[in-house]
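Novice: The structure under discussion is supplied below as C-alpha cells; questions concerning it will follow.
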Amino acid sequence: MSNVDTILEEARSHLKRLEPHELHRLKDALVVDIRPHHNRLAEGEIENSVVVERIVLEWRLDPAGDWRLPGFTADTTVVVVCNEGWASSLAARDLQRIGLANATDLVGGYRGWRAAGLPVREGGSQAVV
C-alpha cells in the first residue's frame, strides 16, 4: 500500500460517505464542487452545488472564519465533490478538522452522480474565490 493509499484510508475512516442517490435525497446539504474549471465546463455540474476552488476551501468553509460563505453552520452537512471521489475524501477530512463535523464526500464523485442519471446543469460556473 502506498503512502497516499494509507492517508486516504485514514481520511475515509472518519467519513460517512454518501452514494449518489443518498445525496440526491438530502434536502439540506451544502454540495461543494472542487473540480477544475475545465472538468466542470466539459462535463457539467450537480444542480444547486457551489463551486469552491480547492485552494480556498478551508477559508470559505471555516464555520467561524471571517471569509466563510454565508448560509451554513458547523452543523450543516457539507458534501465535497471531485471527479471520481478521491480528492474529495481528503478535502472532507480537512473540513472536519476545521470544525465541520458533518463534512463528507460523494462516492464516485461527479462522474458517479452523472452515471446514476441524476440531475446536472451546464458546467463552467464561476468559482468562489
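Novice: Sorted from largest down, what three extents in whole angstroms do the Cα atoms of the stretch 59-129 have along their principal axes?
Specialist: 36, 23, 18
Novice: Give me D for the chain in µm² s⁻¹, whole number, from Stokes-Einstein with Rh from the Kirkwood sum over alpha-carbon pairs, 10 °C and 1.306 mPa s. Numbers along the way, then the final one.
Specialist: Values: Rh = 14.5 Å.
Here the translational diffusion coefficient equals 109 µm²/s.
Novice: Which whole-number percentage describes the relative contact order of the chain, with Cα contacts under 8 Å and a sequence gap of 6 or more? Intermediate results must be reported in sequence, preceding the final value.
Specialist: Values: 237 pairs, mean separation 46.0, N = 129.
Computed value for the chain: 36 percent relative contact order.
Novice: Below 8 Å, C-alpha to C-alpha, sequence gap of six or more: please give me the relative contact order for the stretch 77-129 in percent.
Specialist: 38 percent.
Novice: Run the simple label-point estimate for D66 and H21 please: 7 Å along Cα→C-beta, distance reported in nm.
Specialist: Computed distance between label sites D66 and H21 equals 4.7 nm.
Novice: OK, next. Find which of L61, I98, W113 sits farthest along the positive direction of the dipole of the chain, computed with +1 on the beta-carbon of Lys and Arg, -1 on that of Asp and Glu, about the Cα centre.
Specialist: After comparing all options, I get W113.
Novice: Using a 1.4 angstrom probe, figure out how much accessible area the stretch 3-90 has per residue, in square angstrom, rounded to the nearest whole.
Specialist: 58
The values are calculated or read from the model by the stated rules, or taken from the named source; none is laboratory data. The structure displayed is predicted, hence computed values, not measured ones. Cβ: placed from backbone, ideal geometry, glycine included. Neighbour counts: every protein chain shown. Protein only, heavy atoms only, side chains kept; ligands, DNA and RNA dropped before computing areas. Shrake-Rupley method; radii C 1.70, N 1.55, O 1.52, S 1.80 Å.
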